[in-house]
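Colleague: Here it is, the structure in full.
What follows draws every value from the coordinates through simple rules; no lab data is involved. This is a predicted model, so every value here is computed, not measured. Note: ideal-geometry Cβ built from the backbone for every residue, glycine included; neighbour counts use all protein chains shown.
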Amino acid sequence: MTELKESLAAPAAVAGPPSDPPPNTVSGATRARSLVKHALLIAASVVMIYPLLWLLVSSFRPTEVIFRTPGLWLNNLVIENYTEGWFALAQPFGHYIVNSAIVVIGAVAGNLFACSLAAYAFARLQFRFKTLWFSIMLVTVMLPIHVVLVPQYILFNNLGWVNTFIPLILPKFLATDAFFIFLMVQFIRGIPKELDEAARIDGCGHWRIFSRVLIPLMGPALATTAIFTFIWTWSDFFTPLIYLTDPNSYTVPVALKSFLDATSGSNWGAMFAMSIITLIPLFLVFLFGQKFLVKGIATTGGK
């Protein structure tokens, strides 16, 4: 009886918090998840980069063994593919690289100039049917190029501009790339309007506000436009194929197509070698411009 009273009088033991798992267990599980995640990312990267690696290795193989060797092991190093490919066409391949550079520089300059002006108008000016025109501009993003190809070709042919670089460059100066206009409009809307008002008090008009106030602040959006325009124009095959018929006016993608012949043997080794050379500018532009690209997209998508 006495023991029962003492047991009832004794305070109940308070259960403490559950003990944490040992540090070694936590770190081991985290390390295992990290290893699995990195292994999956590495495997996905290998799958995506394998075609490029195969292209690089195949550019050093003889043409007759390229499609008989799907692996990346190189038995015979054939450097002649590069020298043969450089002089295989009517002009040295550097001639076609210069042609593409002329078109790319004109396209980049046109998009930066025209799209930024159109974006300033939509973001800062007030005019009739502004919302309607902006909606029509956005609808053109979904308009396939094949819809306007025939009218454009007839127009440029009547003007005598077919087989020149004008049809490839002039539309860029007319703000035909609605995607870049929308990109810059979103960026300008994130810039405080108080800066415009302060410049207007100092006597600035629209042009000085645009060139002195907004352009210096639009660096990320302009860089994004320039990088995308460079990549898309340098890699464009369809438009130069339509407007350029003289082999001396070919751009790089059309010149690469000249290595293939449906009636005789195709020089795959030389074409792969020149493909590697033409990928170098794209790789360098993306390598040095990726930080501007990421910043430009990050600062425009959330506004």
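Colleague: Over the alpha-carbon set of the chain, divide Rg by the Kirkwood Rh and report the Rg/Rh ratio to two decimals.
Modeller: When Rh is taken as the Kirkwood radius, the ratio is 1.23.
Colleague: Ok, one more. Counting other Cβ atoms within 10 Å, keep those with at most 13, restrict to DSSP loop, and tell me which trypsin sites (Lys or Arg not before Pro) in segment 57-161 are left.
Modeller: Of the trypsin sites (Lys or Arg not before Pro), the ones in loops of segment 57-161 whose Cβ has at most 13 other Cβ atoms within 10 Å are ARG68, ARG128.
Colleague: Please check: in the Gaussian network model of the chain (C-alpha springs, under 10 Å), which one of TYR96, TYR50, TYR82 has the largest mean-square fluctuation.
Modeller: Comparing TYR96, TYR50, TYR82 in a Gaussian network model of the chain, the most mobile one is TYR50.
Colleague: So for ILE276, ILE201, ILE105, fewest C-beta neighbours within 10 Å to most, what's the order?
Modeller: ILE201, ILE105, ILE276
Colleague: Anyone know which of GLY71, GLY203, GLY190 comes out most mobile in the 10 Å Cα GNM of the chain?
Modeller: Result for the chain, Cα springs under 10 Å: GLY203 fluctuates most.
Colleague: Can you name the helices of the chain, as whole DSSP H runs, whose Cα span along the helix axis is 30 Å or more and whose Kyte-Doolittle mean is not below 0.5?
Modeller: 23-58, 268-301
Colleague: Going by amide H atoms built from the backbone, whose H comes under 5 Å of the H on GLN91, apart from near neighbours?
Modeller: none
Colleague: With a 10 Å Cβ neighbour count serving as the proxy for reagent exposure, in which order, fewest first, do PHE182, PHE288, PHE187 appear?
Modeller: So the ranking, lowest neighbour count to highest, is PHE288, PHE182, PHE187.
Colleague: If you place +1 on the Cβ of every Lys and Arg and -1 on the Cβ of every Asp and Glu, how big does the dipole about the Cα centre of segment 91-301 come out, in debye to the nearest 20?
Modeller: 580
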